[in-house]
Each structure stands twice: as structure tokens, then as C-alpha cells.
Amino acid sequence: KFPQADPWPEPRFVPRTFTEGQKNNPSRASMEVLCRDVDKWNPSADTYLVFRFGLLDGTWVDLYGATLGSNHAAVVAALEGIPFNMTPAEAEASVFTVDTDSEVTFLDFVPVGTPATHTLPYGGVWTSTLTVSGAKVGDAVTTNFRAVYPANTSVVCHAWVSADDTVTTRWIHVLDSPFIRPIGGAVNELVRSVTTGALTIAANSSAVVGTLVITGVAATDALIVSDKTTTPAGIFFTAQKTGTDTVTLWGHNITTTPASGATARDLLVTVLRNQTFTDVTVTDPYVRVCHRTGSMAVTVQNLVDKINNHPDLYRSVKVMTPGDASFEVLSVPVGTEGNGIQLVARMAYLGSPAAPDQSAQQLVYMRSAIPANGNPLPFVSSAQAPLVGGLDMPVNAGNGTSQIGLTGMTERLPLGAMLQDYEFMCENPLGDNASAVKTSPAGPRPVQTTMPLTARGEEFERFTGEPGLSIALSDAYTCITNFT
């Protein structure tokens, strides 16, 4: 005995049957699958990539790929309806999650050469569009101003993805307050508090009630005085610049009664000044788009977990992934039996189809698939293929389909020792499911017509023997010298 091909496991000889010999068979059928373009696995609420597993009992199990949210809910609802009629638990077990946001890609726009400049008037807005390939509506966008002349903190720029591959930028020269306070060092010169002394103001008359020092106050500034007294009682106040950095406060009695020794007042004095408005020059900004996309590795892991825990699949296949965009399907049944498991990748549609079914071949490549002509297809994926590579372990005693003890087949003997052929519990090497002696009007006949009878017309079996029936095999080492 020797292996029929290089990948075969090492031959082993066991004293019993094929079926027992296969229990330790390390060979399992498999299929390596390469995946790509995760964003096309569930591009809409109507289109889904589906993996189908054809099992040895003739049943099929479908797994639908859907993104979380409305697409997931739509396919689950469809599976619970006619014609699938699945229970909620069965429908959920038939859907794996297609990832949409586990990976972040930065897409940059950098002006080429000298950036374009634009004049932005005070209070004005300037809008432009930039092409950033791969940007999608909803992506976050950050900008770098590059340059603003003259420097002005009142100029802002913001950007957003207005359409696929298109970023809109908008410069805004913000309308500041039309007034600013005079420069006053650490002292807040915009609003000053002051308390007057006891007021003495004649009826229908005015009088100076105090002075303030406000650094930088100008004759063109506007001065506003507010009285914090709850009941003003007919007296109001004004302010006027009367000297360098000096403001004089006036009280005005508008009643017919003199104010003599009236209660002191708490006043607030505000200084307002006109702003100088200027245009600024801006340039095209740097733009960075934070594009979130689905991870093929995460999606494959979701699929692997779903298959390995599916109640109808875990007894037939096991799946593993190295953590990238590929996975391998292994049959649970050993040997050639696992070659009967089918794997299919196709597109399924809940509504009107948006693409032909064979588009699944562009997303999933069954690397191990071998066509009928025996040549692998390097650039075109099969839509359906069986698992391949399962090999039965070479053992003696046929393939385990016979229930009787057949003898006389010398090729089933192990090398290296002499044994009586009838010492083996043999199995039918012809694989015709024979299990008993057939009878006919002509008399008894052997199960295997290609096997001779004894001289008396009997089948060979343990208690049948005559001269010449002892058989010895050797591996060229003389280890047996007595055949008695």
C-alpha cells in the first residue's frame, strides 16, 4: 500500500473496517473564501449578499448579510413572512451583521501650487466646492485656514460633505458688535460702577454728581449711565468726557421739588465706541474628511460567529478566519464525505433587483473551487462550489458497506507477517452494498460473483479450508519459517 497522491495522509492498516479506520482521519473537505467591497454587501434595503450551505441531508441553510438598523429589520421581517415563515429566533439566526463604521479613513484636500485668494468683506460670506474622492454625505470635515490677511479672529471657515466626493467650504466674516470698549489694561473699562454722594439738585435743574477716570476715553465715544436705584424719584443721570481720561457725571432733577440731601445713587457707566470695519483676504483651506467605513475583517468575523453558532450548521461545518478579509470553511464529516457539502454566494432581492445575481462573484471569491476541467479559475469566482480536498484514509477491508465476513481478498493483508485471510472482519471492497448470500433456482451463489468458490462450491469463510488456502505475505524480511 502507498498513498495515491502527495496530499494523502499516510496509509494505515487496521484489523477492522473502513468506518472505524476513518475515525482518526485528519483529512477534511474545505473551501477558502476571499471577500472584498464590504460596502456592496448590503447596499440598500432591497439587496443582500447571501451565503448558502447545501448539507449532506439535502437541506439548504441561508445566511443574509445586513447592516444594523432598518436593513436588518427589513430582512428579518421578510424571513418571518411568506414564504419563509421563520420564527423570530430562526430569522435572527439567519442574518449576520455587515459592518459600516469600524474603520476610519482620512481623505485630504491640499491645494496644489499657489492657493487661490478671495476677498471677504465685513459681514460677507464666500462659498466654494472642493473635490475629495471617497467623501460621503455625513462624514465629519475639519479645515485649516491656511491664511487670513489681515489676521482677524472674526473670520471663520466651516465645511461639510454636500454630496458624494464633494466638500463645500464657507468663509464667514462674522458681524462683531459695532462697539468695543476703550483699552484700559486690566481694568474692565466697558462698564464702570460708581456711587454718588448725597444729592443736592435744585428743582428743574442739573448738577455735577461725580467724576470718573477712564483711560483712553474719546470725545466720540458714547457714554451711557444706568441708575440701579429701584425708585429713581424724578432724577436721571448723564455722562460727558470733560478732559483727558476724565468723565463727568451729571444729575438732572426733572421735578418741581428741590433734591436736597437726597439718598446717594449706585450708577453704571458704559463706554461704547464705533468699530473700524475692514475687508480680509482668504485662501482655499486645507480640508480633511473623516470617512467612516465598514471593516471587511469585522464583517467576516460576524459571519464566522454566526455560522459556528447556527443550530443547523455547527454539526456540518466549522469556519475560521485569520482576522482579515478571508475565511475557511471546514467540513465536520471527515474524508470524502465532506466533499458533498455545497457553498453558494449570491445576491438576494426583497424588491426590484438593482444588479444581476452574478454580481456576487465580484464580492466573494471561492479560492479553492476547481471547475470540471480540473484547472483553477484565477480571476473568476464560482457562484456555487462543493467543499474540496476531503480524502478517505487508505485502509484495508474495503469501504465499510458489507455486513458479512468475506475472505479470500489477499490485497487486504498487511505487509510484514503471515496471517490467515479469514482472521479479518472484512468489508465489501466493491461497494455494492451486498449484505447477504443471494439465492436463485440454480442454487446458492457467492455475494461477489468475481470471487471463486471452494472446490466443493462453498464460499470462503473462517471455518472453510483446504490445502493451498494458507497465504503468507512478507516485506522481504525472513521472519516466518514455520507455517504450521
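Every read-out reported here was derived from the displayed coordinates using simple, explicitly stated rules and does not represent laboratory data. Quantities reported herein were computed from a predicted structural model and do not represent experimental measurements. Cβ sites come from the backbone with ideal geometry, for glycine too, and all protein chains shown count toward neighbours.
For THR215 paired with ARG315, estimate the spin-label separation in nm (one decimal), with each label point 7 Å from Cα along the Cα-to-Cβ line.
Here the modelled spin labels are 9.0 nm apart.
With the crude spin-label approximation of a point 7 Å out along Cα→Cβ, what separation in nm comes out for HIS158 versus GLN362?
Result for the modelled spin labels: 3.8 nm.
With label points built 7 Å along Cα→Cβ from the Cα atoms of ASP165 and ALA207, find their separation and express it in nm.
Computed distance between label sites ASP165 and ALA207 equals 8.2 nm.
Across the stretch 288-295, in residue order, what do the Karplus-derived ³J(HN,Hα) couplings come to in whole Hz, using 6.51 cos²θ - 1.76 cosθ + 1.60 with θ = phi - 60° and x for Gly and Pro?
Whole-Hz 3J(HN,Hα) from phi for the stretch 288-295: 10, 9, 8, 9, 8, 9, x, 9.
Quick one: which of 203-209, 333-339 comes out on top by average Cβ neighbours within 10 Å, and what's the full order, highest first?
Details: 203-209: 14.7, 333-339: 19.7.
Taking the mean over residues of other Cβ atoms within 10 Å, the ranking is 333-339, 203-209.
For the stretch 243-349, what value does the Rg/Rh ratio take when both radii are computed over Cα atoms and Rh is the Kirkwood radius, given to two decimals?
On the way: Rg = 41.5 Å, Rh = 23.8 Å.
Reported Rg/Rh, Kirkwood definition of Rh: 1.75.
How charged is the neighbourhood of LEU63? Take every other residue with its Cβ under 13 Å from the Cβ of LEU63, and add Lys/Arg as +1 and Asp/Glu as -1. Can you show the working numbers first?
On the way: positive: ARG52, LYS306, ARG346; negative: ASP62, GLU90, GLU92, ASP305, ASP312.
For residues surrounding LEU63, the net value is -2.
Measure of size requested: the Rg and Dmax of the stretch 222-301, with Cα atoms as the atom set and Å as the unit; please supply both.
29.9, 92
Using modelled backbone amide H atoms (1.01 Å from N, in-plane), which distant-in-sequence or interchain residues come within less than 5 Å of SER295's amide H?
Residues meeting the amide H criterion: ASP99, THR100, ASP101, SER102, GLU103.
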